[in-house]
Amino acid sequence: MTKNFNANDFRAILRRMPEPSDAPAGHSEPSLEEQIAAYQREFRDLDPQVEQVVSALQRLNRRMNVAYGRQTATLGISNAEWEVLKALVVSGAPYRMGPGELAKRLGLTPAAMTHRIDRMASEGLVTRERDETNRVRVIVELTHEGREKWLEAMRMASVFEEDLLQDLSGEQRRILGDALTRLLRRVEEAQPDAEGRLSDLD
């Protein structure tokens, strides 16, 4: 019989995640239980079940971002550059987009997007050419090297993600995925203007 996914499973996953490397020396983050208890002490109306889910998601997201950042760093690219590579790959062959489309997708200003493209073009990850059918329009295209970087990052991420979920059965993964997707849909409906980043992370 498949065991139901519960909070203990989620906490077990969190304990295996690396702590952020920029934490102050000697700093120890309170456990979820300690944090929730402190919140309840100061805010009587707190729902501890809701807070446990939200705080666990926040901590998991933070630790996953640290792990992904370390992986991309070993490939010589930043998380910001990875986001551009991902957007181009998701667009489909021939992996081309305009700077304006990319800026909107990533939630960046045109100036910030131009700066990022300049850097990536100098690294051979993308090319930037005038559109032959519209000389006013610029096209950003993924290079072979850029696609190889994306593929290698995906291979590394797949190993990390499989390890992250190793204690969950296929059914538990499905239940968790469905629950998180429902939460995501609710946020998307409530915040329709928050598709990309709201500030430049460069």
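The values are calculated or read from the model by the stated rules, or taken from the named source; none is laboratory data. In this text, all values refer to a predicted model and were calculated from it rather than measured experimentally. Here the Cβ positions follow ideal geometry from the backbone for every residue, glycine too, while neighbour counts run over all protein chains shown.
Pull up the stretch 70-83, narrow it to residues that are touching a residue at least 12 places away in the same chain (Cβ under 8 Å) and of a type in the set (A, V, I, L, M, F, W, C), then point me to the one that is farthest from residue 134 (Cα to Cα).
Once the filter is applied, the top-ranked residue is 75.
Specify which of the listed residues (104, 86) is more than 23 Å from residue 156 (Cβ to Cβ) and touching a residue at least 40 places away in the same chain (Cβ under 8 Å).
Answer to the selection: 104.
Among the residues that make up the stretch 39-48, is at least one of them basic (Lys, Arg), more than 25 Å from residue 142 (Cα to Cα), more than 17 Å from the chain's Cα centre (by Cα) and not assigned by TED's automatic domain parsing to the domain that holds residue 159?
Taking every residue of the stretch 39-48 in turn, at least one turns out to be basic (Lys, Arg), more than 25 Å from residue 142 (Cα to Cα), more than 17 Å from the chain's Cα centre (by Cα) and not assigned by TED's automatic domain parsing to the domain that holds residue 159.
Exactly one of these conditions fails for residue 199: (1) modelled with pLDDT under 95; (2) surrounded by 15 or more Cβ atoms within 10 Å (Cβ to Cβ); (3) closer than 22 Å to residue 73 by Cβ. Give me its number.
Unmet condition: (2).
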